[in-house]
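Below is one structure, written out as structure tokens; comments come after it.
Each reported figure results from applying straightforward, stated rules to the coordinates on display, with no laboratory input. All values derive from a computational prediction rather than experimental measurement. Here the Cβ positions follow ideal geometry from the backbone for every residue, glycine too, while neighbour counts run over all protein chains shown.
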Amino acid sequence: MGSFSWNKADDLTNTENIAYDRLFKFLIPKEFGGGFIKDYYQDYGYLGTKENGKPKYDMYELLAFWNKVEGLKYNGEFPLMKEIDEYTDENRNKGIDIGCYDKDILRLKYPLKLVSVSFKGTYEVLDKPSLGDPDQGFFQRRRKNI
């Protein structure tokens, strides 16, 4: 598993990407509970923290669930926000298959939308998804057009 990150889906700040250990918001579509999770970027697409200190969500796995990829594995009923478990690695790979490249991200019904902490809107009002960060989140990158 390699490092990666995304560019912000908003343009409210001078920083274009989501960099390691920087605060951001992860927007959640209304169909999957709405709202957002505010967190520091942990690398590898991890999001949130369980009580035991381990990551709570995998963004690529959530991407697979939101876009209802066939063959997903989970316990119980279909989860709106599936937490990391024994099936995550397999489900994550399905999310990578549908959303690793910008051309694929642009075709998804529910792409990831990561934004600045100051963003006040919802998932639905933001028309642009988060595309891949060529610098993989190793450092903050300033916008070229500002």
For the stretch 71-89 and the stretch 1-68, what is the separation of their Cα centres, given in Å? 17 Å
D (Stokes-Einstein, µm²/s), Kirkwood Cα radius, the stretch 68-142, 0.890 mPa s at 25 °C: 168 µm²/s
If one takes the longest principal axis of the Cα atoms in the chain, at what angle in degrees, from 0 to 90 and to the nearest 10, does the Cα axis of helix 88-99 lie? 50 degrees
Can you bin the stretch 78-120 into rounded, prolate or oblate? Criterion: square roots of the alpha carbon gyration tensor eigenvalues sorted a ≥ b ≥ c, rounded for a/c under 1.5, prolate for a/b above b/c, oblate for the rest. oblate
Dimensionless Rg/Rh of the chain - Kirkwood Rh, Rg from C-alpha atoms: 0.94
Which listed residue (Ile96, Leu72, Gln42) has the Cα farthest towards the positive end of the charge dipole for the stretch 1-99, taking +1 on Lys and Arg C-beta and -1 on Asp and Glu C-beta about the Cα centre? Gln42
Three-way shape label, the stretch 43-109, alpha-carbon gyration tensor, a/c 1.5: oblate
By its C-alpha gyration tensor, with a ≥ b ≥ c as the square roots of the eigenvalues, how is the stretch 1-46 shaped: rounded for a/c under 1.5, else prolate for a/b larger than b/c, else oblate? oblate
